[in-house]
Structure formats: C-alpha cells, structure tokens
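*Asks:* Right, I'll just put the structure down here and ask away after.
Where a number appears in this text, it was derived from the coordinates with a stated rule and is not lab data. All values derive from a computational prediction rather than experimental measurement. So basically every Cβ, Gly included, is an ideal-geometry build from the backbone, and we count neighbours across all protein chains shown.
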Amino acid sequence: MRSLFILLCVLSTVTAAQVPENPNKTDASGKRQGPWTILMDKNSIVTANPDSAVYYRVATYKDDKPVTTVRDYHYKTGIIQFEGTLTQDVPKVIYDGKATWYNDQGQKEFEAEMKGEQVAGAYALYAEDGTLITEYADSLNKRGRELYQQKKFTESIVFFKKASIRAKYEFGDKTAKRAAMLGNTALAYSKMDDYISAGPYSIKAVEIYRQLGETGTANYINMVAITATYWQIQKQYDKGEILFREVLAATEKLSGKASDAYLIRLMNLGICLVKGEKYAEAKPIYTEIRSRLEKPGYQDNRNFPSDYATTMLRLGTINVKLRQLAEGKKVYEELLNYITGKPGYEKIQSDLPR
C-alpha cells in the first residue's frame, strides 16, 4: 500500500494542459488528505506516466477515503467519463449511492444506484441520442442484422450502436459479444464508405479481440482492415501500412495466396504505400498484383479491365517516381496498347505524364 501512495505523490508533479493541479498531499502515515488529481491508464489503474494516461480522477480525501463526489475525465480531452459517490477507491472501488458513466462525447450512458461493487437499485441506460435503451443487446443486434441484410445500413446502425452500449453493461466492456456488436456498427458504416465514422468502432473492436487473444478470426481481420482504411483516410499512412500488412498475412494464412481475398488485401496495401509515397516498398507489391492479374483465367473476372488498367498506371507512376524512366515508359506503353479503343481510354491517356 505504501508504494501505491509514493506513486500517487509523484503525480502531483505531472500535469497536462487540461488537467487541474492539486496538492496531492499525504499525512505522516501515508494517507491521502485534501484535493487530489490522479492519472489512470486505459484500465483505470493509477499511472505516473502521462504517456500512458487515458483518464484522470479529481477527488478530495480525508484519511484516504473520498469525501466528495469523485469525477473521472478523459486525459486528452477533459471530457467527463464518470462521477459518483465512493467510500474507497483503493485497492478496489466501493460505491455508495448514485453513479453515472458517460460516453466518449460526454453524453450520459449509464446511471445506477450502487452499493459496494454492484448495482443495488434502479438503473438507466441511454443511447447516443439520449433515449432510454430497454431491449437486451442480443435482441437489438438481431434487429440490426435483419436491416443490414436488407441493405438498410443507416437504419441498422441505430440498433447496432444501442446493442454495443447495452452489451458493455450486460456482458462486460471487454467481451467477444461486445466486440462483435461494435464490429457490426463499423461494417455497416463501411458499406456506405463512411470509414471516418466506422473507425472508432473498429478500433475498439480490434482492441477487445486482441485482449481476448481472438486474432485469427475473419471478424478480427475485417475490423483490422476497416481500421487500416480509417488511418489511411486520416493520412496516417504508417499506421495504415502496419495494419494492412497484418491483414495480408492473416488472409494468406486463412485463404491462401491464390485467393481473390488475398489479391484484394494486396491491392489495399499497395494503395496505402503509394499514398504514403513509399514507392520502393510499393513496387514489388504492384509487380505481384500485375503478375496475378496476368495469370490465365483472371481475365474473365468482370473487374479485370479496371483492376489491370489501374495497376499498370500505378506501376508506371511508381517507376517514374523512382527515376526508373525506361521501365516506367515501357509499362505506360503496354497500358496504352491494352486500353486503346476501350472505354475510359481518353481519361487514362490524359493521366499519363508527358
């Protein structure tokens, strides 16, 4: 216990722009006294390292016990995450009365009368729009899946979001069921090409799957792919590349290099590398894509014309960027020979460097 309080004392010197400074004093016996600000990691465990801080707690103590409402905030944004009455917060949290949890936007998510470590009375669960969630998570998820299968993605998202919120308190924050429901939300957004909205849900799903050790499933791979696309759109290409490479390796293991799924993942990685201007790394990727497309049988695929033209255009551009001009010219000539007389010829021709 004494080592914990030594750590807490260190926190009095750790500040961030939005984190209030407090004296963080202990008495001669090591008991906390007066106002404190405490940094916590993603699991709400005390940390002295600001780089690992996800939340911070503000409370006033007497003889090491909280004597005012305890409030937790997001470290980076200052948005409230929890407030409630506690009789102690170390070594474990003991509640005594009303407690409220908030979502990442600071909207009320769960409110309950608490006693000890459990809900002891009335409770309410809220959707993002402030309405009460009264159905169980499985029921909400089922309704979302039905709408998803009808390609009513916007409508399905309403139910998937409610299901993931309900699952957090019904099954637990870090459970496979909650990860699946977060994943359903991300998938529905991705079907509308809204990866900016999908990203926060896929990121949470990936985190849960990793903590559970469930990283070899199709659900996990889909979430990593959506997250990679999210980072790519945010122009954080290094983050995207790492995840696209993980997806590619997992797809090879699950489906094999000869599968269409592997080719699609290879194309995803190639796009990210080109956007990130990593042309040397992109060249072998597009060379492999070209080789796959030119194999007998793929020309019958309805996506072949656009896939092949796009691949040749990017491969030529990569060679030019690498100052391998003769090779780039050869690729462009082969591309022009292929597309002459085909739809889109003028557009591709105008995109070629002069």
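*Asks:* Starting from the 7 Å offset along Cα-to-Cβ, what nm value, one decimal, do you get for the label separation of ASP238 and LYS257?
*Replies:* 2.9 nm
*Asks:* Continuing with this model, one more query. Between THR87 and SER197, what FRET efficiency follows from the Cβ-Cβ distance if R0 is 45 Å, with the result rounded to 0.05?
*Replies:* Plugging the Cβ-Cβ distance into 1/(1 + (r/R0)^6) gives 0.65.
*Asks:* Could you name the lysines whose alpha carbon sits less than 24 Å from that of LYS177, not counting residues in the same chain fewer than 8 places away?
*Replies:* LYS42, LYS108, LYS142, LYS151, LYS152, LYS161, LYS162, LYS168, LYS191, LYS204
*Asks:* Now a separate question. Using a Debye calculation, one point per C-alpha and no hydration shell, please list log10 I(q)/I(0) for the stretch 210-354 at q = 0.13 Å⁻¹ in order.
*Replies:* Taken in order of the listed q values, log10 I(q)/I(0) reads -0.63.
*Asks:* I've got another one for you. Which value does Rg/Rh take for the chain over its C-alpha atoms, Rh per Kirkwood?
*Replies:* That ratio equals 1.11.
*Asks:* Taking a temperature of 20 °C and a viscosity of 1.002 mPa s, what whole-number D in µm²/s does Stokes-Einstein yield for the stretch 169-235 with Rh from Kirkwood over alpha carbon pairs?
*Replies:* Roughly 185 µm²/s, to the nearest whole number.
*Asks:* Provide the per-residue ³J(HN,Hα) series for the stretch 42-50, in order, calculated from phi with Karplus coefficients 6.51, -1.76, 1.60 and θ = phi - 60°, each as a whole number of Hz, with x at glycine and proline positions.
*Replies:* 3J(HN,Hα) across the stretch 42-50, in whole Hz: 5, 9, 6, 9, 4, 9, 9, 9, x.
*Asks:* Further question: What are the extents of the Cα atoms of the stretch 123-229 along their three principal axes, listed from largest to smallest and rounded to whole Å?
*Replies:* 35, 29, 21
*Asks:* Provide the packing ranking of 252-259, 84-91, i.e. peptides ordered by the mean count of other C-beta atoms within 10 Å per residue, highest first. Mind showing how you got there, number by number?
*Replies:* Working: 252-259: 12.6, 84-91: 16.0.
Per-residue Cβ counts within 10 Å, averaged per peptide and sorted highest first, yield 84-91, 252-259.
*Asks:* Give the cross-link partners of LYS235 among the lysines, using a straight C-alpha distance below 18 Å as the criterion and excluding same-chain residues fewer than 8 apart.
*Replies:* List returned: LYS275, LYS278.
*Asks:* Turning to a different aspect of this structure: Note down the Stokes-Einstein diffusion coefficient of the stretch 53-185 in µm²/s, whole number, using a Kirkwood radius over alpha carbon pairs, 25 °C, and 0.890 mPa s.
*Replies:* Details: Rh = 16.1 Å.
It diffuses with D of about 153 µm²/s by this estimate.
*Asks:* Working only with C-alpha atoms, what are the Rg and Dmax values of the stretch 198-289, expressed in angstrom?
*Replies:* According to the Cα coordinates of the stretch 198-289, Rg and Dmax are 12.8, 37 Å.
*Asks:* For a Förster distance of 41 Å, can you work out the FRET efficiency between the beta-carbons of LYS152 and LYS174, rounded to the nearest 0.05?
*Replies:* 0.85
*Asks:* Ok, one more. Kindly provide the Kirkwood hydrodynamic radius of the stretch 259-313 in Å, to one decimal, from all pairs of distinct alpha carbon atoms.
*Replies:* Radius from the Kirkwood sum: 11.4 Å.
*Asks:* Can you compute the modelled spin-label distance between ASP51 and THR131, with each label point 7 Å from Cα toward Cβ, in nm?
*Replies:* Computed distance between label sites ASP51 and THR131 equals 4.5 nm.
*Asks:* Using Cα-Cα distances under 8 Å and only pairs 6 or more residues apart, what relative contact order does the chain have, in percent? Show your work: numbers first, answer last.
*Replies:* Values: 571 pairs, mean separation 19.2, N = 354.
It comes to 5 percent, rounded to a whole number.
*Asks:* Shifting gears a bit: Which of the helices in the chain meet the span-like rule: DSSP H, Cα axial reach of 15 Å or more, Kyte-Doolittle mean at least 0.5?
*Replies:* Long hydrophobic helices here: 218-233, 260-275.
*Asks:* Using alpha carbons only, how many angstrom separate the centre of the stretch 228-291 from the centre of the stretch 78-135?
*Replies:* About 42 Å separates the Cα centre of the stretch 228-291 from the one of the stretch 78-135.
*Asks:* Expressed as a rounded percentage, what relative contact order does the stretch 275-330 have, with Cα pairs under 8 Å and six or more residues apart?
*Replies:* In percent, rounded to a whole number, it is 36.
*Asks:* For an R0 of 45 angstrom, estimate the FRET efficiency from the Cβ-Cβ distance between ALA280 and ASN301 and round to the nearest 0.05.
*Replies:* The computed FRET efficiency comes out at 0.95.
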